[in-house]
Each structure stands twice: as C-alpha cells, then as structure tokens.
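K.L.:
Please read through the structure below; I'll follow up with questions.
The values are calculated or read from the model by the stated rules, or taken from the named source; none is laboratory data. In this text the structure is predicted, and so the values were computed from the model without any measurement. Neighbour counts are summed over all protein chains in view; Cβ atoms, including those assigned to glycine, are modelled from backbone coordinates with ideal geometry.
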Amino acid sequence: MLANQARFVFGMGVIVLIAGGCMPTVKMVSQKRDTQRPEPSRRAQATLDDVINRIHRMPPPEYVSVQTDAVANGETVWIQDVRYDEGFFVGTVATTATHRRKPVEVKVHREDVTDWLVIENQQTSGGYSLPNKD
C-alpha cells in the first residue's frame with residue numbers, strides 16, 4: 001500500500017479504515033433535506049440534542065459514537081471517543097485494524113450525523129441503522 005493511500009475494508013457490516021501514513025479528512029458537506037434522509041437518519045437527527053446533553057453531563061456515558069457518510073470518499077463510518085464542541089462532533093474513526101499506526105481524528109458537523117449509539121448504565125440507545133434494532 002502506498003504511504004498516501006487509504007482504503008476501506010468491509011466486514012460484518014462495519015467499515016474499517018486502514019490508513020497507510022495518511023490522515024483522511026472529513027469534508028464538510030450538507031446532508032440531504034430531512035425529507036430525503038432515510039428513516040434511521042431522521043430518527044437520529046431528531047434525538048441528537050439528547051446525545052449532546054448526555055455527552056456534557058457528569059459523569060458522561062461509558063460509550064458514545066456517531067455515524068457519518070461525510071468523509072472524503074462518501075463511505076459510512078462510525079466515530080468513537082466522541083466529544084461535542086461548537087456544532088461539531090470530534091472523535092476517532094472506529095476500526096478493528098490490529099496494526100493501526102495512529103488514531104485518525106475527524107470532525108463532523110452535527111447535520112452530517114446519520115446515526116448515533118450510546119451505552120450508559122449497561123443500556124444501549126440509538127443505533128437506528130443497525131440490523132435488528134427495534
């Protein structure tokens with residue numbers, strides 16, 4: 001793999017980023033209008049303020065991640081270790097790569113979130129796009 005390439009590997013419904021010395025960027029794009037969004041994305045957007053409030057509450061949830069397709073190549077990725085700051089979710093691309101060199105940090109505008117997942121007190125909420133949800 002060339003040093004400036006990145007590629008996505010699909011497995012078990014999760015997109016994994018394998019970065020070879022590059023830092024993919026998140027392009028800031030506007031999502032489709034709410035009426036054009038898939039139902040899981042509309043549900044996620046409708047409840048996003050609750051997620052933001054939970055992130056800022058002490059203690060914060062054990063796990064928070066958001067999903068977006070606003071990355072450079074338009075693929076859908078999950079962002080974990082999420083914090084929220086001035087209209088943006090900031091975190092690292094979730095990956096199962098065992099030899100990842102460094103975490104890839106990305107910044108995603110709240111309008112570009114297509115799903116979210118929170119684990120708090122051993123209870124899972126969100127994850128509207130995941131199979132077998134509701």
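K.L.:
Out of everything in segment 25-44 that is of a type outside the set (A, V, I, L, M, F, W, C) and either part of a loop (DSSP other than H, G, I, E, B) or at pLDDT 95 or above (or both), what residue ends up being farthest from Thr76 (Cα to Cα)?
P.N.:
Arg33
K.L.:
Continuing with the same structure: Please go through segment 108-132 and pick out each residue that is within 23 Å of Gly74 (Cβ to Cβ) and either outside any strand (DSSP E or B) or of a type in the set (Val, Ile, Thr) (or both). It would help to see each step written out before you state the result.
P.N.:
Of all residues in segment 108-132, those within 23 Å of Gly74 (Cβ to Cβ) come to 108-117, 126-131.
Hits for segment 108-132 are Val108, Arg110, Glu111, Asp112, Val113, Thr114, Gly127, Tyr128, Ser129, Leu130, Pro131.
K.L.:
Identify the residue in segment 52-106 that is at pLDDT 90 or above and of a type in the set (Asp, Glu) and, among all such residues, is surrounded by the fewest Cβ atoms within 10 Å (Cβ to Cβ).
P.N.:
Step by step, filter segment 52-106, then rank; the result is Glu86.
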